[in-house]
Amino acid sequence: MRLTMRRYQDEDDYWRIREFLRKVLLLNDRRQLSWHIARLDYWRWHAIENCQACDPVEAVTFIWETSDGLIAAVLNPEDIGQVFLQVHPNLRTLELEDELVAIAEKHLTRPGSDGKQKLWVWADAHDDLRHDVLTRRGYTCVKSPGEQEYQRRRPMSMPIPKAFHPNEPEERYEGWTWYHNVQRCPLYRRDLDIVAVASNGEFASFCTVWYDDATRTAYFEPVGTAPAHQRRGLGKAVMHEGLRRLERLGATLAFVSSYSPAAHALYASVGFTEYDSCEPWAKEF
């Protein structure tokens with residue numbers, strides 16, 4: 001099938017990409033071989049708008065389409081010099097993957113202090129086709145500690161312990177909400193922005209949960225506990241509260257990703273099991 005590549009053009013493209021990622025997630029049996037739309041929203045409204053992690057979305061996003069205008073693939077960075085390939089599973093070919101990487105090398109590299117251009121292309125640990133393309137193009141898999149993204153998920157059918165006030169009657173059971181500057185994200189919901197507050201009024205722990213009712217999946221990002229309040233089970237508690245709210249919304253699966261041993265341990269304690277990993281492949285030229 002002949003595909004045409006073009007740059008991202010306008011807001012309509014953003015909403016088309018969101019629907020494309022939803023479709024791809026379901027076709028991939030809800031494995032994150034491409035981004036969950038929560039990650040896309042978070043990237044645009046937080047990583048770009050707040051952190052300036054890379055240029056605006058229209059400057060760094062490329063779209064491949066079929067002759068009848070359906071999206072076949074999307075190429076975008078998450079940070080300068082780190083790119084992700086979002087590809088429709090029924091349209092994947094070695095040639096398409098090679099073209100995506102070639103465009104990334106042309107437009108999305110990061111200059112190093114040594115004058116060389118550097119690029120990381122992320123690939124699922126079991127994606128032999130992409131590994132083959134990257135190896136042929138001179139990439140090597142980065143195995144340094146803390147660099148791999150360990151993807152975890154938790155079926156909502158698992159029991160969820162009460163997070164706060166375990167002795168209170170159900171009708172009085174509620175958590176706290178927290179306002180964050182990513183409220184512009186289409187998936188943002190105030191009732192899924194959860195905070196644990198210490199007795200002195202300080203924010204002790206928090207998590208934001210993104211729920212997509214089209215795929216009935218959710219994504220935890222970010223999750224954090226202030227240093228003075230760590231090792232008290234608060235991170236686990238706010239996540240349990242998030243899960244209870246997702247259960248009431250009809251979610252069937254929740255995702256979270258981790259990079260460090262401490263995060264691995266926290267998410268495992270909440271019932272998230274590692275099911276996949278995504279690795280960066282690096283090249284200098």
Quick check, is Asp13 part of a loop (DSSP other than H, G, I, E, B), out of contact with any His (no Cβ under 7 Å at 6 or more places or on another chain) and in the same structural domain as Thr135 (by TED's automatic domain parsing)? no
With closer than 19 Å to Arg152 by Cα and not hydroxyl-bearing (Ser, Thr, Tyr) as the only criterion, which of Gly201, Gly242, Gly233 stands out? Gly242
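So how many residues does the stretch 22-45 have that are part of a loop (DSSP other than H, G, I, E, B) and under 13 Å from Tyr219 (Cα atoms)?
In the first step, residues of the stretch 22-45 are kept if they are part of a loop (DSSP other than H, G, I, E, B); the result is 28-36.
With the extra rule that they be under 13 Å from Tyr219 (Cα atoms), the set shrinks to 30-32, 35-36.
Number satisfying all stated conditions: 5.
I'd like to check something: does the stretch 21-43 contain any residue that is crowded, with 20+ Cβ neighbours inside 10 Å, among the basic types (Lys, Arg) and within 26 Å of Asp276 (Cβ to Cβ)?
Initially, the stretch 21-43 is screened for residues crowded, with 20+ Cβ neighbours inside 10 Å, giving 21, 24-25, 32-43.
Then keep just the ones that are among the basic types (Lys, Arg); that gives 39.
Next, only the ones that are within 26 Å of Asp276 (Cβ to Cβ) stay: 39.
Yes, because at least one residue in the stretch 21-43 is crowded, with 20+ Cβ neighbours inside 10 Å, among the basic types (Lys, Arg) and within 26 Å of Asp276 (Cβ to Cβ).
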Sole miss for Asn50 among (1) modelled with pLDDT under 95; (2) touching a Cys at 6+ places or on another chain (Cβ under 9 Å) is condition (2)
Checked against (1) hydroxyl-bearing (Ser, Thr, Tyr); (2) over 16 Å from Leu25 (Cβ atoms); (3) in contact with a Phe, Trp or Tyr (Cβ under 8 Å, 6 or more places away or on another chain); (4) not in a loop (DSSP other than H, G, I, E, B), Tyr219 satisfies every condition except (2)
State yes or no: is Val133 touching a residue at least 24 places away in the same chain (Cβ under 8 Å), of a type outside the set (S, T, N, Q) and in a strand (DSSP E or B)? no
Total residues in the stretch 87-115, condition part of a loop (DSSP other than H, G, I, E, B) and at pLDDT 95 or above: 8
For the condition closer than 16 Å to Gly224 by Cα and of a type in the set (Asp, Glu), what is the one hit in Glu241, Glu274, Glu247? Glu241
Residue by residue through the stretch 232-268, note down the ones that are among the hydroxyl-bearing types (Ser, Thr, Tyr) and under 17 Å from Pro222 (Cα atoms). Ser257, Ser258, Tyr259, Ser260, Tyr267
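Yes/no per residue for (1) assigned by TED's automatic domain parsing to the domain that holds Glu105; (2) of a type outside the set (Asp, Glu); (3) in contact with an Asp or Glu (Cβ under 9 Å, 6 or more places away or on another chain); (4) at pLDDT 95 or above:
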site: Thr217; (1), (2), (3), (4): no, yes, no, yes
site: Ala228; (1), (2), (3), (4): no, yes, yes, no
site: Val238; (1), (2), (3), (4): no, yes, no, yes
site: Gly242; (1), (2), (3), (4): no, yes, no, yes
site: Arg245; (1), (2), (3), (4): no, yes, yes, yes
site: Ser257; (1), (2), (3), (4): no, yes, yes, yes
site: Pro261; (1), (2), (3), (4): no, yes, no, no
site: Leu266; (1), (2), (3), (4): no, yes, no, yes
site: Ser269; (1), (2), (3), (4): no, yes, no, yes
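The values are calculated or read from the model by the stated rules, or taken from the named source; none is laboratory data. All figures in this text were calculated on a predicted structure; none of them were measured in a lab. Don't worry about glycine lacking a Cβ; one is built from the backbone with ideal geometry, like all the others, and counts go over all protein chains shown.
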